[in-house]
Each structure stands twice: as C-alpha cells, then as structure tokens.
Amino acid sequence: FTRDNSVRVSGSSRNGGMVLAELYDATPENSFTSTTPRLVNVSVLKDIGEGLTAGFVIAGAGGKRVLIRAVGPTLASFGMAGTVVNPRLTLFNSSGTAIGSNDDWLSTDAATFAAVGAFALPANSRDAALVSTLAPGNYTVQVMGSAQVLVGLTVGAALVEIYEVP
C-alpha cells in the first residue's frame, strides 16, 4: 500500500516569514508489522536561502537506519532551473551536536537509494547524502550551499529527503 500526499504551505500575502509544517505517524509502535503502512519518507523542496533546517524524531525502543539527502544539481536533469549547485548537509542530535555531514556524495549508497525507492544520483555528484543508524530521539538536518562554490551560487532550490531504510 503506497499513498503519496503533498502539503503546500504559503502565506496569505507575499511578505515572507517563517513556517513550521509538521507531519506525524500516530500508529502505535507495538502494532507495526513488516506490512503495516507507515510513514517512511518525508521531503521538502524549497529555496534554501541562507539555509534550511528540517527536524525529525526517531521513536520506539530501538534505533532506525535513515537515508538523508540534499539534492540540488541532479534536479536540473528533471528540468528544474534555479537549483543550488552544491548542497551540504549536516545532521545534529537533540543537544545540537553535529553527528554527521556530507558534501559531494560519492556513489557508495546507490543500493540504499534503490531500497527506499529514491531516484538515483549520478556517481560523484555534487548532491549530498548520508546514511546513519540513529537511536530514538530528536534530530535536525541543516542544508546550506557549500562554501566551496563561487559566491552567488550557494543559493537556490534543494530537495531535502529523509527516509527510513528497511
């Protein structure tokens, strides 16, 4: 059973501002089986400006393996203009300590991408991806344009994805 849904958030005026959109899977953990439909992916497509932060929670008694991606350059192959040319992602735990990061994915997790149904990234792309096993708790992912690219090219749209890896 697969259901794809989208949420679009916009202000009633063009004044800008901050927004928090939250999505929860309220299925009790003790009712999960290998075939129980559940939330396994969340993503946001947004102009990252000075940076984009996305939060998520690992619940339950055991850890979960997750795939986190910040896709910019590969979006151009889908015909999207104005993407960030070199996103960098950093994963933080609830105390604000950086526990993982990636800038320029190196094709080592292609099988993981396929396992979660994520589209492929070209080998040695400038997109960012990170696979990590996380204990229950709160986490945030920060995505910014890499300081290694020319000034003026660190902004643009990025697709930030967080997947539960089976």
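The values are calculated or read from the model by the stated rules, or taken from the named source; none is laboratory data. Predicted, not measured: the structure shown is a model, and the values here were computed from it. Neighbour counts are summed over all protein chains in view; Cβ atoms, including those assigned to glycine, are modelled from backbone coordinates with ideal geometry. To get the accessible areas, we keep the full protein, side chains included, count just its heavy atoms, and leave off ligands, DNA and RNA. Shrake-Rupley method; radii C 1.70, N 1.55, O 1.52, S 1.80 Å.
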Towards the positive end of the charge dipole of region 35-135, with charges on Cβ (+1 Lys, Arg; -1 Asp, Glu), say which of A128, N102, V66 has the farthest Cα.
V66
Backbone N under 14 Å from the S95 label point (7 Å along Cα→Cβ), restricted to region 131-147
138
Given H placed 1.01 Å from N in the peptide plane, which residues other than close sequence neighbours of I99 have an amide H under 5 Å from its amide H?
L91, F92, N93
For T74, T108, give me the order by solvent-accessible area with a 1.4 Å probe, most accessible first, ignoring ligands, DNA and RNA.
T108, T74
With a 1.4 Å probe and every protein chain left in place, tell me how much accessible area S94 has, in Å² to the nearest 10.
100 Å²
Tell me, what ³J(HN,Hα) does each residue in region 58-64 have, in order and in whole Hz, if you take phi through Karplus 6.51 cos²θ - 1.76 cosθ + 1.60 with θ = phi - 60° and put x for Gly and Pro?
9, 10, x, 8, x, x, 10
What chymotrypsin sites (Phe, Trp or Tyr not before Pro) in region 71-166 are in a loop by DSSP, with at most 10 other Cβ atoms within 10 Å of the Cβ?
none
May I ask you to list the residues of region 89-120 whose amide nitrogen lies under 18 Å from a point 7 Å from Cα along the Cα→beta-carbon direction of N138?
91-99
